[in-house]
1. Pull out all pairs, ordered by first then second residue, where Cβ-Cβ is under 8 Å, the residues are six or more apart or on different chains, the first lies in segment 56-84 and is within 21 Å of Val165 (Cβ to Cβ) and at pLDDT 80 or above, and the second is part of a helix (DSSP H, G or I) and small (Gly, Ala, Ser).
2. Of (1) more than 28 Å from Asp56 (Cβ to Cβ); (2) surrounded by 14 or more Cβ atoms within 10 Å (Cβ to Cβ); (3) modelled with pLDDT of 80 or more; (4) not hydroxyl-bearing (Ser, Thr, Tyr), Pro168 satisfies all except one. Which?
3. What are the residue pairs meeting all of these: first residue in segment 8-28, first residue crowded, with 17+ Cβ neighbours inside 10 Å, second residue acidic (Asp, Glu) and not in a loop (DSSP other than H, G, I, E, B), Cβ atoms under 8 Å, and 6 or more apart or on different chains?
Amino acid sequence: MGEVPQGTVTRLLVDWQAGDDRAFEQLMSLIYGELRRLAGRYLDRERDGHTFETHDLIHEAFLRLIDQRVDWQSRAHFFAVAAQSMRRILVDHARRRAALRHGGDVRRLALDEVADLAVHRHEELIALDEALSELAREEETLARVVDLHFFGGFEHDEIAALLGVSNPTVRRRWRLAKAWLYRRLAGSEVPVGAD
């Protein structure tokens, strides 16, 4: 991540949302590289022959962000929303393809099957997305760590900087989120925080 003064991205996001086209241009010059990296990590986990290119995923995510009224709180908030938007785009695409190919049948996926961060089949991505959405409803910070680490490819120290927490806090949240997702994908109902 580049050396951007604290609050610059947030200010530009607010100005862009208010209709300032110059703010959008400045914002893109500051964050496009990071968005490219984020989109690239998402697409690396897709099956061979996927129809999205990196720039297509970034532009589609921005189209969705334009339509939302978001009270931008920080750079971390923006990247979490962007990561979630990219995940939603790919999941929506996977759902459409699964419905066409398989009549909508979706099988459950055990987390240990994705431990190597290889999500190649549409059904697996859909099952993981459903579990992650449920986790976000119960504990948004855990889901945000998963989005940034698992899908976005951010390292723990990068996530800590984005979220404004310590590296050990990110590691604890990652372990807790993995355990919760494993139990959820295995079919167990386990509350957040249970070990």
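The values are calculated or read from the model by the stated rules, or taken from the named source; none is laboratory data. The structure presented is a predicted model; accordingly, all values stated were derived computationally and were not measured. So basically every Cβ, Gly included, is an ideal-geometry build from the backbone, and we count neighbours across all protein chains shown.
1. Once the first residue is within 21 Å of Val165 (Cβ to Cβ) and at pLDDT 80 or above and sits in segment 56-84, its partners that are part of a helix (DSSP H, G or I) and small (Gly, Ala, Ser) give Ala82/Ala61.
2. Tallying (1) more than 28 Å from Asp56 (Cβ to Cβ); (2) surrounded by 14 or more Cβ atoms within 10 Å (Cβ to Cβ); (3) modelled with pLDDT of 80 or more; (4) not hydroxyl-bearing (Ser, Thr, Tyr), Pro168 fails exactly one: (2).
3. Ala23/Asp15
For every residue, the table says whether it meets (1) of a type outside the set (Ser, Thr, Tyr); (2) modelled with pLDDT under 70; (3) more than 14 Å from Arg183 (Cβ to Cβ).
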site	(1), (2), (3)
Leu109	yes, yes, no
Val119	yes, yes, yes
Glu123	yes, yes, yes
Ala131	yes, no, no
Glu134	yes, no, no
Glu138	yes, no, no
Leu142	yes, no, no
His149	yes, no, yes
Ile159	yes, no, yes
